[in-house]
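Read through the structure below, which is laid out as structure tokens, and then see the notes.
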Amino acid sequence: MRRVLRDIFLFFQRDLRIASTYRSPFILEAIEALFGAAMFYYVARFVDSPALREALPQGKTYFAYSLAGFVFFDYLNAALDTFDRSLQEARDSGTLEPLLVTQVSLPVILIGSAFYPFAATTLRIAVYLGWASLLFDFPLHAANWLAVFAVLLATLLAFSGLGVLSAAYLLLFKRGNPAKWFILGVSSVAGGMLFPVSILPTWLQVVARLNPVTYAMDAMRSSLLDGAGIVSIGRPLVLLLAFGAVLLPASVVIFSWSLRRTEITGTLTHR
């Protein structure tokens with residue numbers, strides 16, 4: 001176990017050193033986060049209306065509602081996008097084959113490659129929420145942070161399996177997985193990112209009820225805006241963990257098969 005943790009830390013250290021050679025993006029992302037928080041705030045002021053307030057959960061402003069949705073969606077995007085992006089970077093830099101012939105197991109390689117992007121996403125979200133609280137009265141004081149992190153962790157575990165499948169698709173077909181963008185597109189509309197699903201047509205509400213993103217998004221808002229505890233959001237957490245428990249091991253098996261396939265055909269590093 002100690003060796004596994006050391007290997008994961010070494011992956012994180014590698015990615016951090018690479019990122020630290022480009023310092024300006026850190027500053028630019030902090031400024032971008034300020035403009036992003038301001039955009040949500042002023043759009044919320046513009047669209048505020050009695051009908052909108054009636055559709056929102058009781059006591060919630062549209063600014064808080066939409067920014068909480070964005071926070072969750074950023075994590076969802078990271079879970080779906082991190083693995084194939086890391087794979088593409090390793091292939092482009094010529095480090096993919098040397099990495100795969102080491103004694104590090106495939107699950108550790110996948111986890112290690114994703115650790116820094118997830119940490120960077122967490123930092124970016126913290127900056128967003130910091131600006132929103134400091135300048136635009138986002139109600140951070142109401143958050144139950146233990147429950148917030150539980151939702152984020154369950155989300156990463158649940159949807160990282162889809163990200164690993166996307167990386168397997170990239171290995172086999174040398175192109176990004178279009179299903180990933182389909183999932184993000186459907187979830188942005190029928191997942192409650194920027195508006196309550198109750199305002200959708202009936203058939204889209206059915207889609208939303210079948211979409212695990214909807215329940216995860218509700219749990220995020222409950223814990224971040226209402227201070228709901230882990231027990232209160234237990235049902236969506238269990239659903240997410242069950243989803244991940246099935247999908248994540250299956251995706252690693254499929255990725256491993258895809259890797260062996262490309263090694264046999266000699267197309268591992270071909271674009």
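The values are calculated or read from the model by the stated rules, or taken from the named source; none is laboratory data. Because the structure is a prediction, the values reported are computed rather than measured. Neighbour counts run over all protein chains shown; Cβ positions are idealised from the backbone, glycine included. These accessible areas exclude ligands, DNA and RNA; they are computed on the full protein's heavy atoms, side chains included. Shrake-Rupley method; radii C 1.70, N 1.55, O 1.52, S 1.80 Å.
Here are some residues: 57, 50. Which one is modelled with pLDDT under 80, open to solvent by 50 Å² or more (accessible area, probe 1.4 Å) and touching a Lys or Arg at 6+ places or on another chain (Cβ under 9 Å)?
Values: 50 fails: touching a Lys or Arg at 6+ places or on another chain (Cβ under 9 Å).
Being modelled with pLDDT under 80, open to solvent by 50 Å² or more (accessible area, probe 1.4 Å) and touching a Lys or Arg at 6+ places or on another chain (Cβ under 9 Å) holds for just one of 57, 50, which is 57.
I'm told residue 150 meets every condition in (1) at pLDDT 85 or above; (2) open to solvent by less than 20 Å² (accessible area, probe 1.4 Å) except one. Can you identify the failing condition by its number?
Exception for residue 150: condition (2).
From the list 135, 184, 156, 170, which one is outside any loop (DSSP other than H, G, I, E, B), over 21 Å from the mean Cα position of the chain (by Cα) and more than 19 Å from residue 56 (Cβ to Cβ)?
135
Taking the criterion of being at positive phi and crowded, with 21+ Cβ neighbours inside 10 Å, would at least one residue in segment 190-210 satisfy it?
Looking for residues that are at positive phi and crowded, with 21+ Cβ neighbours inside 10 Å, one finds at least one in segment 190-210, hence yes.
For segment 138-153, enumerate the residues that are assigned to a helix (DSSP H, G or I) and among the aliphatic types (A, V, I, L, M).
Across segment 138-153, the qualifying residues are 140, 142, 146, 147, 148, 150, 151, 152, 153.
Considering segment 211-235 alone, what residues qualify as being among the polar types (S, T, N, Q), under 19 Å from residue 138 (Cβ atoms) and either open to solvent by less than 20 Å² (accessible area, probe 1.4 Å) or part of a loop (DSSP other than H, G, I, E, B) (or both)?
At the first step, the residues of segment 211-235 found to be among the polar types (S, T, N, Q) are 211, 214, 222-223, 232.
In the following step, the residues that additionally are under 19 Å from residue 138 (Cβ atoms) were identified as 222-223.
Listed by number, the list holds a single entry, 223.
Quickly run through segment 190-224 and pick out the residues that are among the β-branched types (Val, Ile, Thr) and either more than 18 Å from residue 150 (Cβ to Cβ) or in contact with a Cys (Cβ under 8 Å, 6 or more places away or on another chain) (or both).
Passing the criteria: 197, 199, 202, 206, 207.
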